Each structure stands twice: as structure tokens, then as C-alpha cells.
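Undergrad: Pasting a structure below so you can have a look.
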Ligand code: GLC
Ligand code: MG
């Protein structure tokens, strides 16, 4: 958050399962579309917040399974754990708030008297969250009875039913909505209250997000009955909330457009990059565009034509150097020439490329340093490189834009495989 010098233009607070992540989309296309839009148009001046029911353990598992971006802030375990940045620094202030009228031992004791409740896995039991599975038909009655019993024991809890099967018990002050309210207050104090906030969800534990004042909200098309019902009863006439016609991340993109919150055309939806001119040119756009082209080139989805390579080369400085993660160096133009032999080599394979945390700074006038993580997935194997690109702006030249000066890569810490073979750029 420190990188933002002014209030974020947009803060997206999104649930993960069945909202940002579509478990029925094996190709992850809507997620990859969202990723390209975020990195291209929002990363530099906006905030991405993931708010999930998952514990840190299951959240990390999901990150390995799906091509997810790195959020600025991660809210886990149904709003009971807030962490910041890449290194996921916990918000200790939030933990203190949650200790009010909460005693998980009493919760365990009382819930053990309900045979209808089946305890979820150990990883999902957290300091301020006790979670069960319960049949849809019994959920309401159990919730009512349990809240009465816990109240008698002096606790003030919140019981949330999600996905037609999960029952979470949390301190009354917890939950995704309260966590967001806490965060907004904190941002306001720091003078960084977002210009716009968009909350995105699909199930019961997301309902609270939609009741936070002044936020825009999207219930994705595939939202669960329990959320739609909550909306019908509580916020039906709020014009700031829509039920998208698109699933998951595609519904989020739809909402950005519907509420006019900023650009809503993902670069991944653009078929011809040579035609793709953006207002307010930014080197981040060059990077996003290049790696999308690279994916299509290797998938054989763009024509094997010299015009493309010539256009790429014309954007590279003639003395530009590429440092491969292995440490080997070659010129940028040779690197582009080499691409020729890889055209279509990933045709018919599950090959995807995406970029994460693309940020550029203009350290000296006319020069930009872009930093990003570039990921490549082929089948089940995923590799990532921290990439630094130096650009100069082609100001004053007939064709404005950016010139690639050099590119340097090293294996990302999280990269499961650090194998130099088959890594082109
Ligand atoms: C996630 C969590 C689970 C929780 C559910 C609903 O699936 O892993 O513990 O019950 O979200 O909040
Ligand atoms: Mg969900």
C-alpha cells in the first residue's frame, strides 16, 4: 500500500471460489482476462483485495492451482485474518478487535452437542473461526438453536451459512463486511480512501460485503441462492448492486463496465496488438501486450508473419540485451529472431502466460524501469521469473511509444520448477 502516493482509483474486494476463480473453467479464461485488465490498467494506481473463506493453508493451495494475481491485501478465514503485501504481514490490530466476547473453547463445547454438524478439516479451524458442514435442510434450525445457546454462555457470535453446505461461527465483530469496514477506516485515516470500491461475491459469506455503505457490488451470475435471497430481502433497490449475467471474473469485468469504474477491455480480448493503441501510454501496457503476443505466438494463434517480428524489433534498442534466468546473455534482436522457430510449438497444449505485479517507475526523465513476475504454465508445470525491463520513451519521434532497452530475468522464489530449458523469454 505504501507505493500509492494518492488515494487508489479503484479498490476491488473479491471473493475467490466461484467469484474470481471459476472452478468450472478448466482453461481459466475469465481469470486470465481479468488478470490482463488489472495489470494493464489498474495495478499501478489501484488496490486488489482478495477476501476468502479459506484459511491461509487452503488459500496458498488455490494459488498453486490457478493463475491468480498477487493481491495487495489478503483477507482470509471469512474476514478473521487480514494480511498485507507479498509477504502477508498480519494486521495485529484486527486480531485484538476480534477477541471481544469470543471463546472458541465454548464454541467447540456447545457445537459438539449437535450431531447435525460435521467438523471441517483441521486447517479450516482458526483462532476466530470454527467451521462445520451441515445439510441445507437443517441449517436454519441449527443456526437458531446454536445462537441461543452461545448467547446464554455469554458469547456474541455470528453464524454464517455459505455454498449450501458450510457453517462458520465467528466473533460478532468479524466477517468479510466488518473486515472491509475496518480496512476502509484504516485507509481513510491514511488519506488513501479509494475513489471507488467494488465488492464481488457469490455466496452467503459475501452478503455482508454488499451492506457496506457507498460501495459498488456485483453478485456474479452463478451466485448461490442464499446470496440472491439475502439481496432480495436487504438491498433490492440499491442501484449500486448488480447481479451480473456473466460468470465469475467475467462478471467482475462486466461490473467495471456497468458502473463505469474505468477501462473494461482486457488486452486479452484484443485480437490484433498492432492495432491496439492506448491513451495514456504506459510501459506496463507494453509488457502485458508483449507477453500475450508471446503466448499466442507459441500457441500458433497468431500468423507466423514477419511483420510481427519486425514490429517487435523496431521497439527494441539495437544494443539491447536480454539476460536469461540461466545468466546467459544475448541481444534483444537475436532473442526476437529466435522466436521464429518457436511459432506454434505449444499448439494444442495447455500453455498459458500471464504477468503479475507489473509496476513501472520513471527514475530518470525519459527512462522507465518496469518490474513484474512473468508466469508460464504448460500442463501441470508452472515456472515464474522476476523480470526487469528498462524502457526509454520514444518522445519526439514520428512514432511515439516505448523502446525496450534491456530485459533481465531471474527465477521467482515461488517458482516450483527452476529449470532453464524451454524458457525463451
Ligand atoms: C471456505 C473455507 C471454509 C468455509 C467456507 C465458507 O471454503 O475453507 O472453512 O466454511 O469457505 O465460508
Ligand atoms: Mg465463493
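Undergrad: Residue 408 versus (1) farther than 25 Å from residue 47 by Cα; (2) surrounded by fewer than 13 Cβ atoms within 10 Å (Cβ to Cβ): which is the lone unmet condition?
TA: The failed condition is (2).
Undergrad: Among the residues of the range 223-240, how many are outside any helix (DSSP H, G or I) and farther than 15 Å from residue 12 by Cβ?
TA: 7
Undergrad: Any residue that is in a helix (DSSP H, G or I) and crowded, with 22+ Cβ neighbours inside 10 Å - is there at least one of those in the range 68-87? Steps first, please.
TA: The first filter runs over the range 68-87 and keeps only residues in a helix (DSSP H, G or I), leaving none.
Checked the range 68-87: no residue is in a helix (DSSP H, G or I) and crowded, with 22+ Cβ neighbours inside 10 Å.
Undergrad: Moving to a separate point now. Tally time: how many residues in the range 87-122 are in contact (Cβ under 8 Å) with a residue 40 or more places away in the chain and either over 25 Å from the mean Cα position of the chain (by Cα) or under 24 Å from residue 35 (Cβ atoms) (or both)?
TA: 13
Undergrad: On the basis of being closer than 30 Å to residue 373 by Cα and either touching a residue at least 24 places away in the same chain (Cβ under 8 Å) or in contact with a strand residue (DSSP E or B) (Cβ under 6 Å, 6 or more places away or on another chain) (or both), does residue 74 make the cut?
TA: yes
Undergrad: Also, I was wondering about something else. Being more than 20 Å from residue 307 (Cβ to Cβ) and either in a loop (DSSP other than H, G, I, E, B) or not assigned by TED's automatic domain parsing to the domain that holds residue 305 (or both) is the filter here; which residues of the range 326-344 pass it?
TA: Those that are more than 20 Å from residue 307 (Cβ to Cβ) and either in a loop (DSSP other than H, G, I, E, B) or not assigned by TED's automatic domain parsing to the domain that holds residue 305 (or both): 326, 327, 328.
Undergrad: Something else now. If we scan the range 307-325, do we find a residue that is assigned to a loop (DSSP other than H, G, I, E, B) and within 20 Å of residue 422 (Cβ to Cβ)?
TA: Yes - at least one qualifying residue is present in the range 307-325.
Undergrad: Next up: Please verify whether the range 4-11 includes one or more residues that are within 21 Å of residue 360 (Cα to Cα) and surrounded by 24 or more Cβ atoms within 10 Å (Cβ to Cβ).
TA: Yes: the range 4-11 contains one or more residues that are within 21 Å of residue 360 (Cα to Cα) and surrounded by 24 or more Cβ atoms within 10 Å (Cβ to Cβ).
Undergrad: On the given criteria, is residue 57 in a helix (DSSP H, G or I), within 14 Å of ligand 1 (Cβ to nearest atom) and surrounded by fewer than 18 Cβ atoms within 10 Å (Cβ to Cβ)?
TA: So residue 57 fits the description; yes.
Undergrad: At least 2 residues that are surrounded by 20 or more Cβ atoms within 10 Å (Cβ to Cβ) and not assigned by TED's automatic domain parsing to the domain that holds residue 259 in each: list the strands (runs of 3 or more DSSP E) lying fully within the range 93-211 that qualify. Spell out the reasoning first.
TA: Working: elements: 130-133, 157-162, 166-171, 196-201.
In the range 93-211, the matching strands (runs of 3 or more DSSP E) lie at 130-133, 157-162, 166-171.
Undergrad: Which of the residues spanning the range 5-23 are away from ligand 1 (no atom under 16 Å from the Cβ), at pLDDT 95 or above and in a loop (DSSP other than H, G, I, E, B)?
TA: 7, 8, 9
Undergrad: Is it the case that the range 358-366 has a residue that's closer than 21 Å to residue 41 by Cα, more than 17 Å from the chain's Cα centre (by Cα) and in a strand (DSSP E or B)?
TA: Yes; the residues of the range 358-366 include at least one that is closer than 21 Å to residue 41 by Cα, more than 17 Å from the chain's Cα centre (by Cα) and in a strand (DSSP E or B).
Undergrad: While we're looking at this one, here's another question. Within the group 302, 323, which residue is on the phi < 0 side of the Ramachandran plot and in contact (Cβ under 8 Å) with a residue 24 or more places away in the chain?
TA: The conditions single out 323.
Undergrad: If you check residue 164 against the conditions, is it modelled with pLDDT under 95 and either more than 22 Å from the chain's Cα centre (by Cα) or away from ligand 1 (no atom under 16 Å from the Cβ) (or both)?
TA: Judged against the criteria, residue 164 is a match.
Undergrad: With the requirement that a residue be over 19 Å from residue 375 (Cβ atoms) and touching a helix residue (DSSP H, G or I) at 6+ places or on another chain (Cβ under 9 Å), what does the range 45-67 give you? Working first, answer last.
TA: The initial filter retains those residues of the range 45-67 that are over 19 Å from residue 375 (Cβ atoms), namely 45-47, 49, 51-58.
Selection gives 46, 47, 49, 51, 52, 53, 54, 55, 56, 57, 58.
The values are calculated or read from the model by the stated rules, or taken from the named source; none is laboratory data. Given the structure is predicted, the values throughout are model-derived calculations rather than measurements. Note that we place each Cβ from the backbone using ideal geometry, even for glycine, and neighbour counts take in every protein chain shown.
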